[in-house]
Amino acid sequence: MKNNIYNKVTIAGTSLLVVLLTAFSGCSVDEIETFDEHDYLSFQKSNMAYTFAFSSDDVKSVEFEIPVAYAGRYSDTDRAFVFSAVPDKSTAQEGVDYQMVDAAQQIIKAGTNSGMGKIRLLRTAALKEEPKKLVLAIAANDNFLPGVADTLTVNISDQIVKPTWWDWNMDRWLGQYTKTKLLLLLEFMGVEDGSNPFDTEEYCHYVLYTGYTEPSIIYHEWTVMPKFREFHQWLINTKNNPMDPDLGMPVSETLGTF
């Protein structure tokens, strides 16, 4: 009796194994996707801005760099990536406000997981009156699929406006934003293009927190705060304590805490 039960169980088990092997026999190894088969490319920032206001009148275009990265294994070869404009979400027009750059220039070099995309921004008279918005999106190709942060907004202008890098940190140290205060800070720091004068290894580093798609800037207060104290003294001793017409006070008296 025991032998009969054993034989039945064995036969049933063998039949199940045959069914399972038959079910998978049509699948090749190539058809089974693994977790890290694809690399997912993301923009490193969700918003960026560029203004021609700091450029001389003869500058009619600029090649604007856009940081991208993926979280995956390094490749031993250069790999191209692709992004494109999203016209229905943009006010900027291709051929008028921007030009796409040769796709061959959009490369992540071997041995790294980050690179710079490029797009050419064009200077028009209209930018002095109203900024333009350009929305870009990561596109899939043979090397990458769109990652979590797959869209980026670039604001293009020819006006001096509050820069995107003037965040709550700058409010804390510099006080309320004004055009006068921005221009004096850039002059003091020797920056001519309006970029963040503290975006260097001396003054900051970046951290990507869990659940976030964009790295956060972490300022080194032990180097930043002494620089603001120097700025305060420079305003008084070198610039003769200039007034801020927007605030009706000397700029040195409108700064924050440092």
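The values are calculated or read from the model by the stated rules, or taken from the named source; none is laboratory data. Computed from a predicted model, the values in this text were never measured in an experiment. Ideal geometry is used to build each Cβ from the backbone, glycine not excepted, and the neighbour counts take in all protein chains shown. The accessibility values were calculated without ligands, DNA or RNA, using every heavy atom of the protein model including side chains. Shrake-Rupley method; radii C 1.70, N 1.55, O 1.52, S 1.80 Å.
A quick yes/no check of all residues on (1) modelled with pLDDT of 95 or more; (2) touching a Gly at 6+ places or on another chain (Cβ under 8 Å); (3) on the phi > 0 side of the Ramachandran plot:
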site: Tyr206; (1), (2), (3): no, no, no
site: Thr210; (1), (2), (3): no, no, no
site: Asn241; (1), (2), (3): yes, no, yes
site: Pro250; (1), (2), (3): yes, no, no
site: Glu253; (1), (2), (3): yes, no, no
- Give Gln93, Gln105 a once-over and let me know the one that is under 19 Å from the mean Cα position of the chain (by Cα), farther than 14 Å from Tyr50 by Cβ and open to solvent by 70 Å² or more (accessible area, probe 1.4 Å). Gln105
- Message: Looking only at segment 214-248, how many residues end up being among the hydrophobic types (A, V, I, L, M, F, W, C), under 32 Å from the mean Cα position of the chain (by Cα) and either surrounded by 14 or more Cβ atoms within 10 Å (Cβ to Cβ) or in a helix (DSSP H, G or I) (or both)?
- Response: 6
- Tabulated pairs, segment 230-258, first free of Cβ contacts under 8 Å to residues at least 12 places away in the same chain, second open to solvent by 90 Å² or more (accessible area, probe 1.4 Å) and hydrophobic (A, V, I, L, M, F, W, C), C-beta under 8 angstrom, 6+ apart or interchain: Met249/Met243
- Name the residues in segment 110-135 that are part of a loop (DSSP other than H, G, I, E, B) and more than 18 Å from the chain's Cα centre (by Cα), would you? Ala110, Gly111, Arg123, Thr124, Glu129, Glu130, Pro131
- Task: Report, ordered by the first and then the second residue, all pairs with beta carbons closer than 7 Å, sequence separation of six or more or different chains, a first member in segment 112-126 that is hydroxyl-bearing (Ser, Thr, Tyr), and a second member that is in a strand (DSSP E or B).
- Result: Ser114/Pro67; Ser114/Val68; Ser114/Ala69; Ser114/Ile108
- Some residue of segment 142-161 being at pLDDT 95 or above, within 30 Å of Gly211 (Cα to Cα), open to solvent by less than 50 Å² (accessible area, probe 1.4 Å) and part of a loop (DSSP other than H, G, I, E, B): no
- Query: Condition test on Arg120, is it charged (D, E, K, R) and modelled with pLDDT under 95?
  - Reply: no
- Message: Residue under question is Phe54, and the condition is that it be surrounded by fewer than 17 Cβ atoms within 10 Å (Cβ to Cβ), in contact (Cβ under 8 Å) with a residue 60 or more places away in the chain and not hydroxyl-bearing (Ser, Thr, Tyr); does it hold?
- Response: yes
